[in-house]
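Novice: Have a look at this one.
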Amino acid sequence: MATLQEIALKTAGVEARIVSGHRMCAGCGIGTIIKTVFAASDRPVIVLNATGCLEVTTAVYPYTAWNTPWMHLTFENAAAVAAGVESAYKALKRRGRMSEEVNILAVGGDGGTYDIGFQALSGALERRHKFMYLVYDNEGYMNTGNQRSGATPFGASTTTVPAGTVSIGKPQWRKNLVEIAAAHRIPYVGQSVAHNTLDIYKKAQKGFNADGPAVLAVLQPCTTNWSYEAALTMKYSRLAVETNFWPVYEVENGFVHINVKPADRKPIEEFLKGQTRFKHLFRPGNEHVIVEMQKLIDEEWARLVKLEESGVQL
């Protein structure tokens, strides 16, 4: 198994698939995520990139930071195009016109994955096209101004569900994309987090090597719209795990395995503090929202642990 040093050397190699010159925000972890995923592939990688933060910051016309076959797509069809590329690739191999082994990677944010692009993703998974779908989840439509998405957490204030005298922010719990994807009976689904590069690397390897489609969801704290100091991205990434807000786990052939179990689980307030999207929750009268959030997190964690311990397939 690769070490962090080996991953760093691979990531910094001369054949880098994404290079300097992108326009990501200071403190953004998307670059770390995508480079780590690339390092996990020993084959050439074809990238199908949905509209979103990664796309707009790496392909500012007439420049590009991509050093690998790459296609910019609309919000909704990254998985559909990945399926088409995979079908064309198999056809070319059958006809003897292509022999090189490649990995196919579709990439999108949570808006283009949980919501707008979900139909295409579900269809591609159901048809069992062999590719990996990577979602960098910053929990909202951050590229267009912090509108709520299906990944936006309960209680968060956004431009479309603002907190106020009659609103606590988003009143719904976020979608569970990992379990939704696993319900398609695909070989591999993983959930990781920006600061844990070794975990991302291991899961990306499993995803690329899966016998069929794979999905990898990585939490990506957004310094711009979560509104914290740019230097604190990895701190919030860790707190998301240490509070069980964002469990680090995987589902292999339907079986759940939790990769990180916090030895001393911190209260959810530790993650919420300092983020502008949650500042209203600390005002008098909103204490019940944090209590409800903690209850939901604890219930979800207990259910996840039970799934792992039972050994029952999802």
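Derivation of every value follows stated rules applied to the coordinates shown; laboratory data play no part. Just so we're clear, the structure is a prediction, and the values are computed from it rather than from any experiment. Note: ideal-geometry Cβ built from the backbone for every residue, glycine included; neighbour counts use all protein chains shown.
Novice: For Thr276 and Val260 in one chain, what is 0.36 nm times their gap in residues minus the Cα-Cα distance, to one decimal in nm?
Specialist: Full extension of this stretch gives 3.0 nm more.
Novice: If you wrap a convex hull around the C-alpha atoms of the stretch 233-314 and split its volume per residue, what is the figure in Å³?
Specialist: Cα convex hull per residue, to the nearest whole number: 101 Å³.
Novice: Now, a different point. What nm value, rounded to one decimal, do you get for the distance between Ser99 and Glu126 when each label is placed 7 Å out toward the C-beta?
Specialist: 3.9 nm
Novice: Also, quick follow-up: Can you tell me what the convex hull of the Cα atoms of the stretch 148-290 projects to on average, as an area in nm²? If you can, show how the numbers build up before the last one.
Specialist: Working: hull surface 37.4 nm².
Result: a mean projected hull area of 9.3 nm².
Novice: Another one. Check which residues have an amide H placed less than 5 Å from Val256's amide H, if you skip close sequence neighbours.
Specialist: It is Leu314, by chain and number.
Novice: Also: Along the charge dipole of the chain, Cβ charges K/R +1 and D/E -1, which of Thr58, Ala263, Val193 sits furthest on the positive end?
Specialist: About the Cα centre, the residue reaching furthest to the positive side is Thr58.
Novice: Looking at the square roots a ≥ b ≥ c of the eigenvalues of the Cα gyration tensor of the stretch 88-172, which shape do they give, rounded for a/c under 1.5, prolate if a/b is larger than b/c, or oblate? Walk me through the numbers before you get to the answer.
Specialist: On the way: a/c = 4.85, a/b = 3.48, b/c = 1.40.
Because a/c hits 1.5 or more and a/b exceeds b/c, the stretch 88-172 counts as prolate.
Novice: Give, in whole angstrom and from largest to smallest, the semi-axes √(5λ) of the equivalent ellipsoid of the stretch 118-232, with λ running over the eigenvalues of the Cα gyration tensor.
Specialist: Values: eigenvalues 169, 61, 21 Å².
So the equivalent ellipsoid measures 29, 18, 10 Å along its semi-axes.
Novice: Right, another one. How big is the dipole moment of the stretch 4-310 about its Cα centre under a simple scheme where the beta carbon of each Lys and Arg is +1, that of each Asp and Glu is -1, and everything else is neutral? Debye, nearest 20, please. Walk me through the intermediate numbers first.
Specialist: Numbers: 33 positive and 30 negative charges, 114 e Å.
In total the dipole reaches around 540 debye.
Novice: Tell me, what is the percent relative contact order of the chain, built from C-alpha pairs under 8 Å that lie six or more residues apart?
Specialist: Values: 614 pairs, mean separation 50.4, N = 314.
Relative contact order comes out at 16 percent.
Novice: Right, something else. Kindly provide the helix-only [θ] at 222 nm of the chain, computed as the sum of -39,500 (n - 2.57) over DSSP H runs of four or more divided by all residues, to the nearest 500 deg cm²/dmol?
Specialist: Numbers: 10 runs with 107 residues, N = 314.
Using -39500 (n - 2.57) per qualifying helix, the result is -10000 deg cm²/dmol.
Novice: From the square roots a ≥ b ≥ c of the eigenvalues of the alpha-carbon gyration tensor of the chain, which class results: rounded (a/c under 1.5), prolate (a/b over b/c), or oblate? Can you show the working numbers first?
Specialist: Details: a/c = 1.71, a/b = 1.45, b/c = 1.18.
Prolate.
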